[in-house]
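Below is one structure, written out as structure tokens; the observations come after it.
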Amino acid sequence: MQWETVIGLEVHVQLATKSKIFSGASTAFGAAPNTQACAIDLAMPGTLPVVNEQAYRYATMFGLAIDAEIGKRSFFERKNYFYPDLPKGYQTTQLESPIVGAGHVDIALADGRTKRVRIHHAHLEEDAGKSLHEDYHGMSGIDLNRAGTPLIEIVSEPDMRTAEEAVAFAKKLHSIVTSLGICDGDMSQGSMRFDVNISVRPLGEEKLGTRTETKNLNSFRFMEDAIKLEVERQIDLIEDGGTVTQETRLYNGERKESRSMRSKEEANDYRYFPCPDLLPVDIDDDYIEAVRASLPELPDARHARFKDTYQLSDYDASQLSEDLHTALYFEATVAAAKDAKLSANWIMGELAARLNAAELTLNASPVSAQQLGGMIGRIKDGTISSKQAKEVFDAMWAGEGDADTIIEQRGLKQVSDTGALEAMADEIIAASPKQVENYKNADADKRPKMLGYFVGQIMKASKGQANPQAINDILLKKLNALL
Amino acid sequence: MAVDRSDIVKLGELARLQISEETIDEVTRRLGDVLALVDQLQAADTDAVSPMAHPMDAVQRLRADEVTEPNQRDTFQAIAPATEDGLYLVPKVID
């Protein structure tokens, strides 16, 4: 039987505020345990939450970016459950009237088509603390620094049909929130986490199958692997005569396996009710329009601009515009290099390969955009050849300074001086009567290929420092004069 | 809406409240009375009324995004039953 997969995502995005959503404690990552957990975060009696305006602004920015209706009156509910990293015994979240209503995001598919994924809504809520299950004498350690960090939870409609579509959607969301500057996008620190709802149904069937939820995926690769694994598990189960149980599953990316989280099944009764500690939040059209006016460039607009301004191919433009840091790096490189295509090639080629091999992100690149741009500028003006550029790049990577310094120190300037090159060309022509005779007797269309011998000789004589384009021109002129 | 013993047992579990066997019937009856009152209220026609989010006719003031809370870990942890390496220690709970 042919099966169709149906996927919906719930995405938790940590907002890049300085302080928490309901308290003035810091949200900085990596502090010593519980040094950023204040009386409100700890749920001490007598404390009252006060909402962080920046969290509202960021959520509104996201809503406008996905073309959603903004909730002019939103309020908070309590989602009740017991877990040690949730000191209040409830999570303050939004259910009935979230800040962001229905919207949509367009994703590019592998075959070049665009697909629209609907967003059901996005709401504001607080993050929980962290439980550490290393052995503390048979007990668990609780760090509440993360408790109260503002999140938006983005809930998609079940519009995706393959793992690849789900990953494209997740990447697009990542691109949007980092471009907006509302999230640092660092998935290794949990800044974005994905819960994936998956079901399968016979192709053509309209009724949805029973779904499972795989929680807390924190990399695109794990997400893709986890979806493929779960789809296979469900299909095998049904084809063997079994049925899928609605449950929450945990995926282990290292072992590539998933298991059921049994204990939460029966406790899935959160008894939501409006939070009496918080009043409704009203925002007006002026506020919304002011936020709209402050929106930075979004990924789709940037993609179109890169194609238009820099004459990049659709593929190059999407590679360079998707991630904000890459886009900024590219534009800074072009500003220094004055050549968009060469800049694109170096960033997506040599630089990407080196960063990948060293497991570095672009932000940690040893070669700055200005340095790379400066080097490309020297290729463009003929000072160095592409081959010499590789050597310059290696030296910049090793921290030897900018391109001009390295070119000077290593004597890497290619010889473009016409007088010197002409003298070399004369010498080679005089020393190679046989090759000259062959060249003269060859068909006109074969001659360009035969030029290679002479170019090679001059490169050898100049120890690789002659400008190949200049040699070509000079040799052509001189050899054709002999015809 | 009527409640029976099993509802009360489940609610007790969800709220982490221990309801002793001999009081279950009493709690069931009293909670049932409260719900009967709610049933009465539900007879009112509220189609044109939007649900009230809060009894006070006021809106939430928002605060500026500033870090105003200093580290008071030692003070807070002085009353915790068990701590280590700056962590609060609790009985092990794993999903």
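If only one of A:L421, A:L351 is modelled with pLDDT under 85, open to solvent by less than 10 Å² (accessible area, probe 1.4 Å) and either within 28 Å of the chain's Cα centre (by Cα) or among the hydrophobic types (A, V, I, L, M, F, W, C) (or both), which one is it?
Of A:L421, A:L351, the one residue that is modelled with pLDDT under 85, open to solvent by less than 10 Å² (accessible area, probe 1.4 Å) and either within 28 Å of the chain's Cα centre (by Cα) or among the hydrophobic types (A, V, I, L, M, F, W, C) (or both) is A:L421.
Between A:G185, A:G209, A:G181, A:G241, which is at positive phi and over 29 Å from the mean Cα position of the chain (by Cα)?
None of the others qualify; the one that does is A:G241.
Considering each of A:I66, A:I70 in turn, give the residue that is more than 24 Å from B:A53 (Cβ to Cβ), open to solvent by less than 30 Å² (accessible area, probe 1.4 Å), touching a residue at least 40 places away in the same chain (Cβ under 8 Å) and within 33 Å of the chain's Cα centre (by Cα).
A:I66
If you check every pair at least six apart or on different chains, which have Cβ atoms under 9 Å apart with a residue in the stretch A:204-224 that is of a type in the set (S, T, N, Q) first and a residue that is assigned to a strand (DSSP E or B) and open to solvent by 50 Å² or more (accessible area, probe 1.4 Å) second?
Going by the 9 Å Cβ cut-off, the qualifying pairs are A:T214/A:L250; A:N216/A:L250.
Is one or more of the residues making up the stretch A:149-159 touching a Phe, Trp or Tyr at 6+ places or on another chain (Cβ under 8 Å), among the aliphatic types (A, V, I, L, M) and at pLDDT 95 or above?
Yes - at least one qualifying residue is present in the stretch A:149-159.
Being outside any helix (DSSP H, G or I) and in contact with a Ser or Thr (Cβ under 8 Å, 6 or more places away or on another chain) is the filter; apply it to the stretch A:54-72 and report the residue that is nearest to the other protein chains (Cβ to nearest Cβ).
For the stretch A:54-72, the residue satisfying everything is A:G71.
Residues in the stretch A:369-383: is at least one more than 16 Å from A:G349 (Cα to Cα) and out of contact with any Asp or Glu (no Cβ under 9 Å at 6 or more places or on another chain)?
Scanning the stretch A:369-383, I find at least one residue that is more than 16 Å from A:G349 (Cα to Cα) and out of contact with any Asp or Glu (no Cβ under 9 Å at 6 or more places or on another chain), so the answer is yes.
Among A:A16, A:A39, A:A122, A:A25, which is the only one that is within 14 Å of chain B (Cβ to nearest Cβ) and open to solvent by less than 10 Å² (accessible area, probe 1.4 Å)?
So the residue among A:A16, A:A39, A:A122, A:A25 that is within 14 Å of chain B (Cβ to nearest Cβ) and open to solvent by less than 10 Å² (accessible area, probe 1.4 Å) is A:A25.
Taking the condition of being at pLDDT below 80 and more than 7 Å from every other protein chain (Cβ to nearest Cβ), how many residues in the stretch B:52-65 meet it?
Final tally of qualifying residues: 1.
Checking the conditions here, which among A:M192, A:M187 is more than 14 Å from chain B (Cβ to nearest Cβ), touching a strand residue (DSSP E or B) at 6+ places or on another chain (Cβ under 9 Å) and modelled with pLDDT under 95?
That would be A:M187, the only listed residue that is more than 14 Å from chain B (Cβ to nearest Cβ), touching a strand residue (DSSP E or B) at 6+ places or on another chain (Cβ under 9 Å) and modelled with pLDDT under 95.
State which residue is nearest to A:L132 (Cα to Cα) when the search covers only the stretch B:39-95 and only residues that are in contact with a helix residue (DSSP H, G or I) (Cβ under 6 Å, 6 or more places away or on another chain) and of a type in the set (D, E).
Here the answer is B:D95.
In the list A:R259, A:R255, A:R233, which residue meets the criterion of being without any contact (Cβ under 8 Å) to a residue 40 or more places away in the chain, open to solvent by 70 Å² or more (accessible area, probe 1.4 Å) and more than 25 Å from the chain's Cα centre (by Cα)?
A:R259
How many residues does the stretch A:207-220 contain that are closer than 17 Å to A:H12 by Cα and open to solvent by 60 Å² or more (accessible area, probe 1.4 Å)?
Here the count works out to 2.
Would you tally the residues in the stretch A:318-374 being among the basic types (K, R) and under 19 Å from A:G401 (Cα atoms)?
1
When only residues in the stretch A:42-53 that are of a type outside the set (A, V, I, L, M) and not in a loop (DSSP other than H, G, I, E, B) count, which is least open to solvent (accessible area, probe 1.4 Å)?
A:N52
The values are calculated or read from the model by the stated rules, or taken from the named source; none is laboratory data. Everything quoted here is computed from the prediction, not taken from an experiment. FYI the Cβ positions are ideal-geometry reconstructions off the backbone, even for glycines, and counts take in every protein chain you see. Side chains are part of the model used for accessible areas, which takes the heavy atoms of the whole protein and leaves out ligands, DNA and RNA. Shrake-Rupley method; radii C 1.70, N 1.55, O 1.52, S 1.80 Å.
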